[in-house]
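Q: Can you keep this structure in mind? I'll have questions shortly.
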Amino acid sequence: ADMTGDGAVFPEREFSPNATRVAPLLLSELSLSMARVHEEAVSSDAKSLASAIRKLSSSLARALERAATNDRTEFAEVDTAPLWEACVVDVLRRLSPALGSSPQGTRGRASTAYLASLAAEGGLMTLKRVLEGCYPRFLGVLSPLDGKRASEESADDASGRQKARDEEKMAAAMRGVAALVSSCRVALQRWQAGNPGVRVHPHPLSPYIASTIEKISFILHEDPDGFGPLSMAAVGALESVLTSADLNGLEEGNSVSLEESLSFVSRVVLGEEGTTSEGSKNLDEWKVACARVLGAALAVGLCREKGSNGALANTYGRMETLA
């Protein structure tokens, strides 16, 4: 599902109040069955089916979240909180372990898409629960980057094949981070459309954004002349961070890392970095990805003139300082 949209209105499936009269156990089985069918659809490249299942599951989660947080008379006779948990929490427990063990595998990729869709379209409560269950797992996959400077000699001992496998795994985790960050933006846009002038505080990404920025910065400076899968994933995540997160609360060290990353992608676009003898197609894709990051930074910088609300407006001052 494309969850990096530009604020378009998403069509929603309406569920009858009778949906809240289903037993939680049955709803849990239904949710888990949809997740299994979704994984089969992803593995067989049945994109339309996979997309339809994600839409259905996220619409159901949204309806149950609304029922659980709403006192409307049609839901008054039913305690719908267990139903929302059966729909969202049970499937999260089933799918999220794959994000920390093998995000690059079929199950990991299918689970990432399924849970990111839930986060984007399932409602604010669903967003927060999915972030809590998924984001730390992706950061755990990327945790070897934290101590890499202190133990670079160990990397020399690893085989080239093992390095490639590790990079593929970390690239998948970084793409998962980008998906969750983009999902957060879509979810907040939807929520603010129904609650104009009201901001969510603290920002749902606040617990994770500093660590994300540090990992992106390290990846981009570890191999300044390369544009492999991990670097491409890091640049994609940086674009999502710029357009989705509230950067106003960053510590000075994190701001420096962000500034270094933006300087790096600027040099790539200007032809001062990433000009190895690799194929021109890969180089073009690399430069386009970096140019998208600069475009995102410009969009944040211009948001004051448009009178925008939310994370972009909050981030304006930070971007102005970095510029």
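The values are calculated or read from the model by the stated rules, or taken from the named source; none is laboratory data. This structure is a prediction, so every number in the text was calculated from the model and none was measured. Quick reminder, even Gly has a Cβ in these numbers, built from the backbone with ideal geometry, and neighbours come from all protein chains shown. The accessibility values were calculated without ligands, DNA or RNA, using every heavy atom of the protein model including side chains. Shrake-Rupley method; radii C 1.70, N 1.55, O 1.52, S 1.80 Å.
Q: In the stretch 238-266, which residues are within 14 Å of F218 (Cβ to Cβ) and among the polar types (S, T, N, Q)?
A: Matches in the stretch 238-266: N254, S257, S261.
Q: Still on this structure: Between a residue in the stretch 25-39 that is of a type outside the set (D, E, K, R) and any residue that is open to solvent by 80 Å² or more (accessible area, probe 1.4 Å), which pairs come within a Cβ distance under 7 Å, given they are 6 or more apart or on different chains?
A: Final answer for the pair search is L32/R94; A35/R94.
Q: Could you please let me know if S308 is surrounded by 15 or more Cβ atoms within 10 Å (Cβ to Cβ), among the hydroxyl-bearing types (S, T, Y) and at pLDDT 90 or above? Walk me through how you get there before you give the answer.
A: Details: surrounded by 15 or more Cβ atoms within 10 Å (Cβ to Cβ): yes; among the hydroxyl-bearing types (S, T, Y): yes; at pLDDT 90 or above: no.
Here the answer is no, as S308 does not meet what is asked.
Q: Given the stretch 33-144, what helices (runs of 4 or more DSSP H) lie entirely inside it while holding 3 or more residues that are among the hydrophobic types (A, V, I, L, M, F, W, C) and surrounded by 18 or more Cβ atoms within 10 Å (Cβ to Cβ)?
A: Working: elements: 47-68, 81-84, 90-95, 97-101, 106-121, 124-141.
Output list reads 47-68, 90-95, 106-121, 124-141.
Q: Tally up the residues in the stretch 90-114 that are touching a Gly at 6+ places or on another chain (Cβ under 8 Å), aliphatic (A, V, I, L, M) and either modelled with pLDDT under 95 or within 16 Å of S33 (Cβ to Cβ) (or both), please.
A: 1
Q: Say whether the condition of being touching a residue at least 24 places away in the same chain (Cβ under 8 Å) and within 29 Å of E65 (Cα to Cα) is met by at least one residue in the stretch 225-237.
A: Yes, there is a match, as at least one residue in the stretch 225-237 is touching a residue at least 24 places away in the same chain (Cβ under 8 Å) and within 29 Å of E65 (Cα to Cα).
Q: Please determine whether any residue of the stretch 281-296 is modelled with pLDDT under 90 and in a loop (DSSP other than H, G, I, E, B).
A: no
Q: Identify, please: which residue in the stretch 1-54 is of a type in the set (V, I, T) and more than 21 Å from the chain's Cα centre (by Cα) and is, among those, modelled with the highest pLDDT?
A: By that ranking, first place goes to V37.
Q: If you don't mind, there's one more thing I want to ask. Check whether at least one residue in the stretch 181-192 is at pLDDT below 90, of a type in the set (S, T, Y) and within 19 Å of I216 (Cα to Cα), and report yes or no.
A: Checking the stretch 181-192: not a single residue is at pLDDT below 90, of a type in the set (S, T, Y) and within 19 Å of I216 (Cα to Cα).
Q: Which of the residues that make up the stretch 171-225 are part of a loop (DSSP other than H, G, I, E, B) and surrounded by fewer than 18 Cβ atoms within 10 Å (Cβ to Cβ)?
A: Correct list: N195, P196, G197, V198, R199, H201, P202, S206, P207, D223, P224, D225.
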